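The values are calculated or read from the model by the stated rules, or taken from the named source; none is laboratory data. Predicted model, so just to flag it, every value in this text is computed and none were measured. Positions of Cβ are backbone-derived with ideal geometry, glycine not excepted, and every protein chain shown enters the neighbour counts.
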Amino acid sequence: MNKYAIDGPKQPKLPIALIHPLGPLFKHLPLSLRRHLLHFRAFGKWGNFRNPTTWSEKTQWRILNDRRVFLGVCCDKLAAKEFGRRVAVESGLPLRIPETYWAGTDVRELMRIKDQLPARWVLKPNHSSSRFRILDESTETIDWDDLIAAGDRWVKKDEEELAYGHYGYGLARHLVFAEERVGSGASLATFRANVVNGKILNCSYTFGTIHPDNPVPRISFRYDGALNRQYTDVLGVPAKPEERSRIDELPASQKSQLIDIVLALAAGIEQTRVDLYVEDEIWFGELTVYNGSGLMIMPRPYTEPIEREWILPNLSRPDERESEWRELLSSTPLGTLQRLQR
C-alpha cells in the first residue's frame, strides 16, 4: 500500500458489528432514530432536535431537516473547488485552487496517463471524507493496484450517506479525482475558520501527524475571529509551546486578506467551516457543513459562540441561487490532463 493512505473509519467485525453504527443493520433504522442513537452514544444523553440549542443539536437539526442544494456543493469537493474559483475571480482575492488533473469513476483510466502526472499528487473521492492517498513518486514507488482498489471502493456509497444520513454527500457526484499536492512536506497544516452569519467566530491552525507512522504530534493554534492568538493545545491537551505558527507570522495586510477570503467563501451560508491551506499563498481546501457529524466533544470556548450565533434558517424560503448550485453539481468535470487528450 502507498505510504500515506487513509480509508475512512475502521469497519467493525462481528459480533460488535450487529450493534455498531457502521455495521450492516444500523443503516436500516429511520434517520431520526439513527441520529438520536448516535447523539446518545457520543454524549450519553438524548438531544433536543426539535428546538436545538447546542452546537451538536443544531447540527443534528441540519442533518434531519435541511435539504437545500448548496449543501451538496459543500460536500462535492470538485463543485466546492469550482465555487472557490468563482469567488476568487469575482472578488479579486488571491485564493489559489489546487489543479484537478483527472476525474472519473475508474482509476484504471488515470493509470493509462500516469506518465503525464507530476511526481507529487493526491487521489481523493469526490463525495466522502477521511479518504485519500498522498503520492510522491520521487520517494516511493506508486502502488497502482492499491489505488485502483481504493477507487473501486470509493465510488460506492459509504457511511456518510448510508449510516449518518448526510444529505449533502448524497447530492455529491460519485467520482474519484487526482489533484495537485499543496505544500512541500508530508504533513500539511490546515487553517479552519468557523463562520456564522457572516462573522468569523474562531479559527485554528493545525499541523502534525496525518498518518500513524508519522511521529510529529498534532498541534493546534487557536485564534479569535480577528486572528489573535488565544491558546494552543497539543493532541487536545492545553499547552503553551514556544513555536509560532505561520498565522502568527503573517503581516497585518495578509491577515486581512485571509479574513476577506474566509468571509467571501462563507457568504450566504448561515453556518459553515472554511478550510484553507496557508502556505506562501492561500489555497482552497473545502467547506464543511457536517463538522464531525455534530458528534465530537468540543471545548466550550469553541462551541459556545457557534451555539449563540447560529440561527436556524427558514427552510420554506426559496433559495435564489439554487440554479447556480445545481449547475455546479451537473456532469463530470474534466481534469487538465483529460482536456489535453482531446
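Restricting the range 15-33 to residues that are outside any helix (DSSP H, G or I) and not hydrophobic (A, V, I, L, M, F, W, C), which is farthest from Glu57 (Cα to Cα)? Only one residue fits best here, namely Pro15.
Pairs are defined by a Cβ separation below 7 Å, a sequence spacing of at least 6 or placement on different chains, a first member in the range 199-211 that is in the same structural domain as Met298 (by TED's automatic domain parsing), and a second member that is part of a loop (DSSP other than H, G, I, E, B) and modelled with pLDDT of 90 or more; the pairs so defined are Lys199/Gly225; Ile200/Gly225; Leu201/Gly225; Asn202/Gly225; Cys203/Leu227. The set of residues in the range 97-139 that are within 21 Å of Ser184 (Cα to Cα), assigned to a strand (DSSP E or B) and of a type outside the set (A, V, I, L, M, F, W, C) comprises Thr100, Tyr101, Arg120, Lys124, Arg131, Arg133, Asp136. The set of residues in the range 107-143 being in contact with a helix residue (DSSP H, G or I) (Cβ under 7 Å, 6 or more places away or on another chain), closer than 25 Å to Tyr169 by Cβ and surrounded by fewer than 16 Cβ atoms within 10 Å (Cβ to Cβ) consists of Arg108 alone. The set of residues from the range 280-306 being of a type in the set (Asp, Glu), surrounded by 15 or more Cβ atoms within 10 Å (Cβ to Cβ) and modelled with pLDDT under 95 comprises just one member, Glu304. Of the strands (runs of 3 or more DSSP E) lying entirely inside the range 222-294, those containing at least 3 residues that are at negative phi and in contact with a helix residue (DSSP H, G or I) (Cβ under 9 Å, 6 or more places away or on another chain) span 229-234, 271-278, 282-288.
Hey, does the range 314-323 have a residue that's in a helix (DSSP H, G or I) and assigned by TED's automatic domain parsing to the domain that holds Arg173? Checking the range 314-323: at least one residue is in a helix (DSSP H, G or I) and assigned by TED's automatic domain parsing to the domain that holds Arg173.
If we scan the range 309-320, do we find a residue that is closer than 19 Å to His127 by Cα, surrounded by fewer than 16 Cβ atoms within 10 Å (Cβ to Cβ) and touching a residue at least 40 places away in the same chain (Cβ under 8 Å)?
no
Of all residues in the range 37-74, those satisfying the criterion of being crowded, with 17+ Cβ neighbours inside 10 Å and without any contact (Cβ under 8 Å) to a residue 24 or more places away in the chain are Gly47, Phe49.
For residues in the range 321-342 being basic (Lys, Arg) and touching a residue at least 60 places away in the same chain (Cβ under 8 Å), which is nearest to His174 (Cα to Cα)? Reasoning before the result, please.
Filtering the range 321-342 down to residues basic (Lys, Arg) leaves 321, 326, 339, 342.
The next check asks that each one be touching a residue at least 60 places away in the same chain (Cβ under 8 Å); those that pass are 321, 326.
Numbers: Arg321: 23, Arg326: 15 Å.
Ranking the qualifying residues of the range 321-342, first place goes to Arg326.
Conditions (1) over 30 Å from Glu180 (Cβ atoms); (2) within 21 Å of the chain's Cα centre (by Cα), marked per residue:
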{"position": "Gly23", "(1), (2)": "yes, no"}
{"position": "His36", "(1), (2)": "yes, no"}
{"position": "Ala42", "(1), (2)": "yes, yes"}
{"position": "Gln60", "(1), (2)": "yes, yes"}
{"position": "Ala88", "(1), (2)": "no, yes"}
{"position": "Ser91", "(1), (2)": "no, no"}
